[in-house]
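Encoded as structure tokens, the structure appears first; notes follow it.
Since every read-out is calculated from the coordinates, none of them should be taken as a lab result. Since the structure is predicted, the reported quantities are computational estimates derived from the model, not experimental observations. Note: ideal-geometry Cβ built from the backbone for every residue, glycine included; neighbour counts use all protein chains shown.
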Amino acid sequence: MNVLSWDNISKLTGQTVQLIDGAENEYDVLVESVREESGNGTEIDGRLVEHFTMVLVGPADTEFPQGNYLISHPSMGQQILYMLVAGDNRYTIVINTEA
């Protein structure tokens, strides 16, 4: 099972995941939404394409710069993912297996 699949990650909407920064500080962040992007679920050369964006809401008193973070949840284990700042205490993580 691919723990970073659309089927698995889309179920995290409304749930809290753990974000661990480079100094090993742990934060609870909310998965506000998981948006399906163009091409998600299509096949290229017999390979399934996964393309979606996770939108996370961080704590009001903390700002995270863009970069790699350890994201943890029982349904996905611990994954190092690249997170971008989206503004208003929101962050995005894009999963795209087409590249």
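A few points about this structure:
- The Cα atoms of the range 6-96 define a convex hull whose projected area, averaged across directions, is 6.1 nm².
- Footprinting exposure proxy for E63, E50 (fewest neighbouring C-beta atoms within 10 Å first): E63, E50
- Neighbour-count ranking [beta-carbon atoms within 10 angstrom, fewest first] of I44, I93, I9: I44, I93, I9
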